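So the structure is just underneath, and the comments pick up after that.
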Amino acid sequence: MERWISGVNPPGWGLYLASDAPVDEMLAHLRSLVLAKRDGEKVVFRFWDGRPLTRICQGIPEDIAMLLGPVHRILTQDEGDEWICIDRDGDAFMTEAHRPRPALPSPWYAFTDRHDRLFHDKRPGIVARNITESLFNEKMERGLPLPPNEALSAFVARHVNRGLALGLWGVEALELFVRCCLHHGEGFPDAQAMPALSPLVRTPLEEDAAVAAMRNVYTPGDTHV
């Protein structure tokens, strides 16, 4: 395994686990992590990929014990291909006798805004892809007023970055912002021409007020040609 890792250096290759728990107990816990919760929906949690796992454990260390469950230690590689050791019990490695831990019903682990902020650098691309998928059927059925020679994905990515720069954060707020940009044009939000949009240009931006302002100037279905 170590020779293969050193020779091939595969991304997201997996984990070494150390535990005194029965294999069945470990597997049951790991299987319970395959799905996680996000805003009431089930999403895949790639916990076997050391890159996101180490970021979560370093950024939210209080989650380590629940994530590892019956596993005492994980050895894996982070995003910089450095070897990282994640210990459930800190310096007390393997000092306590094993206590059976029944697996929780999946999904039980929840992704929150705190996780979103941990992956802030990757979030624009993820959000843009999701919004593009949301708009794709509308584009095929009714058409969208896209700029000439610009793909939907490029338009969405550009305006997601604009929305983030304004201070918008939630997926709903960013999708609504993209839809308003499609309907009202590249100059959105022009608070001088439309004073009702002033919440979008305030610093610091208050997202609930910004969403309410956008809803006032956007009607579902407005983004078709």
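The values are calculated or read from the model by the stated rules, or taken from the named source; none is laboratory data. Because the structure is a prediction, the values reported are computed rather than measured. Quick reminder, even Gly has a Cβ in these numbers, built from the backbone with ideal geometry, and neighbours come from all protein chains shown.
Residues that are assigned to a helix (DSSP H, G or I), outside the structural domain of ALA165 (by TED's automatic domain parsing), modelled with pLDDT of 85 or more and of a type in the set (A, V, I, L, M) are absent from region 127-134 altogether.
Go through region 102-130 and give me each residue that's crowded, with 16+ Cβ neighbours inside 10 Å and either among the aliphatic types (A, V, I, L, M) or in contact with a His (Cβ under 7 Å, 6 or more places away or on another chain) (or both).
Residues satisfying the conditions are ALA103, LEU118, VAL127, ALA128.
If you check ALA173, ALA165 for being without any contact (Cβ under 8 Å) to a residue 24 or more places away in the chain and closer than 22 Å to VAL201 by Cβ, only one passes: ALA165.
Tell me whether region 179-195 contains one or more residues that are in the same structural domain as MET140 (by TED's automatic domain parsing), among the small types (Gly, Ala, Ser), over 14 Å from ILE126 (Cα atoms) and touching a helix residue (DSSP H, G or I) at 6+ places or on another chain (Cβ under 8 Å).
At the first step, the residues of region 179-195 found to be in the same structural domain as MET140 (by TED's automatic domain parsing) are 179-195.
Still in the list and also among the small types (Gly, Ala, Ser): 185, 187, 191, 193.
Retained after the next criterion (residues that are over 14 Å from ILE126 (Cα atoms)): 185, 187, 191, 193.
Filter again for touching a helix residue (DSSP H, G or I) at 6+ places or on another chain (Cβ under 8 Å), leaving 191.
Within region 179-195 (the criterion being in the same structural domain as MET140 (by TED's automatic domain parsing), among the small types (Gly, Ala, Ser), over 14 Å from ILE126 (Cα atoms) and touching a helix residue (DSSP H, G or I) at 6+ places or on another chain (Cβ under 8 Å)), the answer is yes, since at least one residue qualifies.
Report whether or not LEU75 is hydrophobic (A, V, I, L, M, F, W, C) and within 30 Å of VAL171 (Cα to Cα). Spell out how you get there, then give the answer.
Working: hydrophobic (A, V, I, L, M, F, W, C): yes; within 30 Å of VAL171 (Cα to Cα): no.
When the stated conditions are applied, LEU75 does not pass them.
Restricting the first member to region 114-135 and to residues that are over 13 Å from GLY170 (Cα atoms), and the second to residues that are at pLDDT 85 or above, the beta-carbon pairs closer than 6 Å and six or more apart or on different chains are LEU118/ARG55; LEU118/GLY59; THR132/LEU152; THR132/SER153; THR132/VAL156.
Residues being within 19 Å of the chain's Cα centre (by Cα) and loosely packed, with under 12 Cβ neighbours inside 10 Å: count how many of those fall in region 134-169.
Taking region 134-169 and keeping what is within 19 Å of the chain's Cα centre (by Cα), we get 134, 153, 156-165, 167-169.
After this cut, where a residue has to be loosely packed, with under 12 Cβ neighbours inside 10 Å as well, the list is 165.
Residues meeting the conditions: 1.
Say whether the condition of being surrounded by fewer than 18 Cβ atoms within 10 Å (Cβ to Cβ), in the same structural domain as LEU67 (by TED's automatic domain parsing), part of a loop (DSSP other than H, G, I, E, B) and in contact with a helix residue (DSSP H, G or I) (Cβ under 7 Å, 6 or more places away or on another chain) is met by at least one residue in region 18-30. Within region 18-30, none of the residues are surrounded by fewer than 18 Cβ atoms within 10 Å (Cβ to Cβ), in the same structural domain as LEU67 (by TED's automatic domain parsing), part of a loop (DSSP other than H, G, I, E, B) and in contact with a helix residue (DSSP H, G or I) (Cβ under 7 Å, 6 or more places away or on another chain). Looking only at residues of region 202-219 that are within 28 Å of the chain's Cα centre (by Cα) and surrounded by 15 or more Cβ atoms within 10 Å (Cβ to Cβ), we find that the one that is farthest from ALA165 (Cα to Cα) is TYR218.
Just the residues that are part of a helix (DSSP H, G or I) and in contact (Cβ under 8 Å) with a residue 24 or more places away in the chain, please, taken from region 182-205. Reasoning before the result, please.
The first filter runs over region 182-205 and keeps only residues part of a helix (DSSP H, G or I), leaving 182-184, 195-201.
Within region 182-205, LEU182, HIS183, HIS184, LEU200, VAL201 meet the criteria.
Take GLU172 and decide whether it is within 15 Å of the chain's Cα centre (by Cα) and farther than 25 Å from PHE47 by Cβ. So GLU172 fits the description; yes.
Within region 31-85, the residues that satisfy the criterion of being part of a loop (DSSP other than H, G, I, E, B) and more than 20 Å from the chain's Cα centre (by Cα) are GLY69, PRO70, VAL71, HIS72, ASP81, GLU82.
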